[in-house]
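Values quoted throughout were computed directly from the atomic coordinates according to the rules given, and no laboratory measurement underlies them. None of the values given here were measured: they were computed from a predicted structure. No Cβ is skipped: glycine too gets one built from the backbone with ideal geometry, and neighbour counts run over all protein chains shown.
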Amino acid sequence: MQAAIIIFPGSNREQDVFDALTRTSGKPPLKVWHRDSELPKADLLVIPGGFSYGDYLRCGAMAAHSPIMRAVKERAQRGTPVLGICNGFQILTEAGLLPGVLLTNKTLKFHCKNVNLRVETSQSIFTCRYEAGQVIEAPVAHHDGNYFADKKTLDRLEDQGLVAFRYCTPAGEVNEEGNANGSARNIAGIFNESKTVLGLMPHPEDATDPLLGKTDGQALFAGLVGALS
Amino acid sequence: MSGSTAASNISPEIVAQHGLTADEFARAVRILGRTPNLTELGIFSVMWSEHCSYKSSRKWLRRLPTAGPRVICGPGENAGVVDIGDGQAAIFKIESHNHPSFIEPYQGAATGVGGILRDVFTMGARPIANLNALRFGSPDHPKTRRLVAGVVAGIGGYGNCVGVPTVGGECNFHPSYNGNILVNAMTVGVADAKRIFYSAAAGPGNPVIYVGAKTGRDGIHGATMASAEFNEDADAKRPTVQVGDPFTEKLLIEACLELMAGDAIVAIQDMGAAGLTSSSVEMAGKGGLGIELDLDRVPVREERMTPYEIMLSESQERMLMILKPGSEDQARRIFEKWELDFAIIGRVTETGKLILRMHGDVAADMPVGPLVTEAPLYDRPWTKTPRRAELRPEDVPAVDPMSALKKLLACPDLASKRWIWEQYDHLVMGHTVQRPGGDAAVVRLPGKRKALALVTDCTPRYCVADPGRGGAQAVAETWRNLTAVGATPIAITDNMNFGNPERPEIMGQFVGCIEGMREACLALDYPVVSGNVSLYNETNGKGILPTPVIGGVGLIDDAAKSVTLAFKRPGEAILLVGETRGHLGSSLYLREIAGREDGAPPPVDLGAERRNGDAVRIEILAGRVSACHDVSDGGLLVALAEMAMAGGVGASAAAPAGVPAHAFWFGEDQGRYVLTTSDPEAMTARLGVAGVPARRLGTTGGDSLTVEGADAISTAELRRINEAWLPAYMAAP
């Protein structure tokens, strides 16, 4: 599998996902600079975490209008899988590739900590190595990860099985206590309608190395490599 | 006449406003051979400020050991450089941003982080970790809550955005900081040991380049402000605080590192305190050369800025470079790619003079050498801090150990600081092996098995009681923290935070702390490679506790061999390494339980410190230690509780006969570790051969911490108590 990572000025977790993908696929991803309007041939496009353009406007809003995002949208529409993590998720919503928006955390603070996530479906290239209902642990590190969409959109996401991950307690209960940032219906990650685009706030790439703690994120990358190789 | 170097009306009031004494002004006049104009006066003022010239501290800083087999570059450059093997160097420094953070906590703290990051990447290193050391006033003081919130948000706001993990730090509260909080920020970076960049200018005719953000009117005279006491008007000084832009800093890091991969740079220096003035003067001074700047070419973001304002602005995210001739275009392309300003603003000369031109006039013409070498140096009078009486255990009331433990775990200094460090991205870059909350952070080096262990520490209540012991203890405790995770301590950076040095008792604290630090550095082969001095931390004549913060860096060959403080499993033996006499003078127990802050602090036996630590490290690296924690604030029972809370595994322990129970559990004797092992007899025997005292304290297991003769407390309850205070405090209106 050949992945390409889109790098904006202010991206800062590109190396984390680069390392995770290289470890899993054995093939270093390509790095694409935001000013490039041509995308290289790639099986997977990744938009990493960070603070694109400083996120001085709404998070991800500037990056969503960057020239490279036009190319990303075209590829996504033709079915190339896209993974947006943290700021990448924010950019995908701002670019209209995913519905909803990421608001400021309900505590109004940045939080960096491990959270529990319930995998909602194994029926996707991203989650095929997990079981539906499985509880995993991965870090979050964000100030604006509070997912919001109108009721109609939320209902549609649920009806079509497009919720990928939800924040939960260690026992897997989806409730207020397990909700890391106030997200609507505890949503931590969602797919587009064809389930080829995934946006999520937690950092699976930072849960892939046994030396650093839990490795529950590894299955996401292993699943992608398996599905796209 | 057009030459603005002509004498202007420099009244004694203007001189005083610039923080220069009459003698210092006379010295400036003698150097120039005439009266300086306002721009020149401003330059003298910042270059000779305490902040830039170290005029009160230089004499004593020379006492600190700065050499060692691993030292590549000691104090005097932007940061210290040590050899960490495999052709790599660690580059690090700690720096204060105390005065600005009190005036405007968010921006003050944020720009403190930005400034120290620049000191490190200026030398060619990619920053891999940030730490900090914070001191706030009493929690009851009306300003404290707002200052904590602002400082923490500022550190996070900057560090999180630039994408450098904030992996460790410390935070204490004491009324002596009510009017002068301390915000000390440390950055650690890694570079190719053969590609370190220095600041000495070279090559007359070489172009001088300005890169980064534009210059505005912010932060003018910050260095002078940071060199004076506060009075009631502290808030009115807000315009001297700079505003940070971490996004620009991130671009500047990437652009500088990209340029540094080639060979275009002759010298480079960040524009920190005193901005363009100190960077140009220091670069020229170190090279024994002159520098000419055309201020019309400096990128500015405000109209009609004067030479005075341009030279004294402390706008952030700016660097000054001297390039090899002919490499300008290559460098310009890199900075344009990152959308940063790039301007050729002058050249290096052989004249030895700083010449500034603007609008066709000469705005300043002054000799560089004397500006640096003839900076005032004071041998301030000092008095030795009076010795305090040693307290005996029977001088201190005994209370039930478990109720004392509960009170200590909830006190502001020992309460969990999770509320703080969860606001810092401590994981970005993907190499954080040990996260905040342990003895030291452990950060793996990219692409390697090895890791750096990092810590900041200081115990100001010891320093005020006995500066010599306190200075030695601060150094020793960082050495012990690094050892407790399995690392070999390499070197330190120091941040000397003190009151007004013009008072002999404050100067005595400074001198005492330096002497104690010196002894510890020598005994532990642990040199000082960089540092910063912050004096005048005083409001209306009341100084802070002397606070020489030590930032320690250690190396561990294989990150997988590091251990954490968490109890791992039931049924393991708990050993106490080191000698316990039950020293309660200046302890937290004495302050929090008995409400007293008297008595001599614990003595530091540096020979035992080294013996004990070296022996513990051998056991850890041999894989025979499952958990290890140093014994410090609060004493032994607090250490056990911290290990139980971290692991969610309980323990039972008993005090031996011979030492009164309260002194045994809460004494703060130095040079001690608690560790767990499955084979205590063999370990005790090996430690005994090394001359290291060790005794069995108890056994891990169960859900509770149990001490013979007292009630048990569950680990869940301990956690609840320890985690509750800070979030509740910050949530209160």
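Taking amide hydrogens as modeled 1.01 Å from N in the peptide plane, which residues meet the under 5 Å criterion relative to B:A267, leaving out close sequence neighbours?
B:I322
For chain B, just the Cα atoms, rotate onto the principal axes and tell me the three extents in Å, largest first.
Cα spread of chain B along its principal axes, largest to smallest: 89, 51, 48 Å.
On a 0 to 90 degree scale, rounded to 10, what angle separates helix B:328-337 from the longest Cα axis of chain B?
60 degrees
Trypsin sites (Lys or Arg not before Pro), restricted to the range A:11-52: which are DSSP loop and have at most 11 other Cβ atoms within 10 Å?
Qualifying residues, ordered by number: A:K41.
Show the residues, 5+ positions off or on another chain, whose built amide H is closer than 5 Å to the amide H of B:L354.
It is B:I291, B:M366, B:V368, by chain and number.
Which order results if B:R611, B:R63 are arranged by neighbouring Cβ count within 10 Å, fewest first?
B:R63, B:R611
Quick one: Cα convex hull volume of the range B:275-314, Å³ per residue?
Residue-normalised Cα hull volume stands at 64 Å³.
How crowded by other chains is A:142-151, given as the mean number of beta carbons from other chains within 10 Å of each beta carbon?
1
Once amide H atoms are placed 1.01 Å from N in the peptide plane, what residues at a sequence separation of 5 or more from B:I490, or on another chain, have their amide H within under 5 Å of its amide H?
Counting only residues 5 or more places away or on other chains, the set is B:V553, B:G554, B:L555.
Between rounded, prolate and oblate, where does the range B:263-336 land on the alpha carbon gyration tensor, with a ≥ b ≥ c its root eigenvalues, rounded for a/c under 1.5, else prolate if a/b exceeds b/c?
oblate
Going by C-beta contacts inside 10 Å, put B:W48, B:W479, B:W338 in order with the fewest on the left.
Lowest to highest Cβ neighbour count: B:W338, B:W48, B:W479.
Could you tell me whether the protein assembly as shown comes out rounded, prolate or oblate from its Cα gyration tensor? Rule is a ≥ b ≥ c as square roots of the eigenvalues, rounded for a/c under 1.5, then prolate if a/b exceeds b/c, otherwise oblate.
It is oblate, given that a/c is not under 1.5 and a/b is not larger than b/c.
What is the sum of charges, Lys and Arg at +1 and Asp and Glu at -1, for the other residues whose Cβ falls under 15 Å from the Cβ of B:S403?
-2
Considering the dipole of chain B built from charges on the beta carbon (Lys and Arg +1, Asp and Glu -1) around the Cα centre, which of B:Y526, B:I355, B:S49 is farthest to its positive end?
Of the options given, the answer is B:Y526.
To the nearest 20 debye, what charge dipole does the protein assembly as shown have about its Cα centre, counting +1 at the Cβ of each Lys and Arg and -1 at the Cβ of each Asp and Glu?
The calculated dipole for the protein assembly as shown is roughly 920 debye.
Would chain A count as rounded, prolate or oblate if I go by the C-alpha gyration tensor, calling it rounded below 1.5 in a/c and otherwise prolate when a/b exceeds b/c, oblate otherwise?
Note, shape of chain A comes out rounded.
What list of ³J(HN,Hα) values in whole Hz, one per residue of the range B:703-718 in order, does the Karplus curve 6.51 cos²θ - 1.76 cosθ + 1.60 (θ = phi - 60°) give from phi, with Gly and Pro shown as x?
9, 10, 9, 10, 10, 3, x, 9, 5, 7, 10, 5, 4, 4, 5, 4
What is the fewest-to-most order of B:S587, B:S403 by other Cβ atoms lying within 10 Å of their Cβ?
So the ranking, lowest neighbour count to highest, is B:S403, B:S587.
At what distance in nm do the modelled label points of B:V243 and B:E303 sit from each other, each positioned 7 Å from its Cα along Cα→Cβ?
1.8 nm
Given the C-alpha centroids of the range B:456-521 and the range B:580-606, what is the distance between them in whole angstrom?
17 Å
Quote the relative contact order of the range B:266-377 in percent (integer), defining contacts as alpha-carbon pairs under 8 Å separated by 6+ residues.
39 percent
Counting only other chains, what is the mean number of Cβ atoms within 10 angstrom of the Cβ of each residue in peptide A:8-21?
Neighbouring Cβ atoms belonging to other protein chains average 4 per residue here.
If you filter the range A:1-83 for chymotrypsin sites (Phe, Trp or Tyr not before Pro), then keep DSSP loop positions with at most 13 other Cβ within 10 Å, what is left?
Here the sparse-neighbourhood loop sites are A:Y56.
Averaged across the residues of B:429-436, what count of C-beta atoms belonging to other chains lies within 10 Å of each residue's C-beta?
The mean count of partner-chain Cβ atoms within 10 Å per residue comes to 6.
Run down the lysines and flag those whose C-alpha is under 30 Å from the C-alpha of B:K406, throwing out any fewer than 8 positions away in its chain.
Of all the lysines, those that pass the test against B:K406 - Cα under 30 Å, at least 8 places apart if same chain - are A:K109, A:K113, B:K143, B:K417, B:K568.
Two decimals is fine: what is log10 I(q)/I(0) at q = 0.10, 0.13, 0.21, 0.22 Å⁻¹ for the range B:323-456, from a Debye sum with one equal scatterer on every Cα and no solvent?
Cα-only, vacuum Debye calculation for the range B:323-456: -0.92, -1.02, -1.21, -1.27.
Please identify the GluC sites (Glu not before Pro) of the range B:273-352 that satisfy two criteria: DSSP loop assignment and at most 15 other Cβ atoms within 10 Å. Which are they?
Answer in residue order: B:E302, B:E303, B:E339, B:E350.
How many nm separate the modelled label positions at B:D361 and B:K448, each set 7 Å beyond the Cα in the direction of the Cβ?
Taking the two extended label points, one gets 5.4 nm.
Which angle between 0 and 90 degrees, to the nearest 10, do you get for helix B:22-32 versus the longest principal axis of chain B when only C-alpha atoms count?
It works out to around 50 degrees.
What is the sum of charges around B:L687, taking Lys and Arg as +1, Asp and Glu as -1, for the other residues whose C-beta is under 13 Å from the C-beta of B:L687?
Residues close to B:L687 contribute a combined charge of +2.
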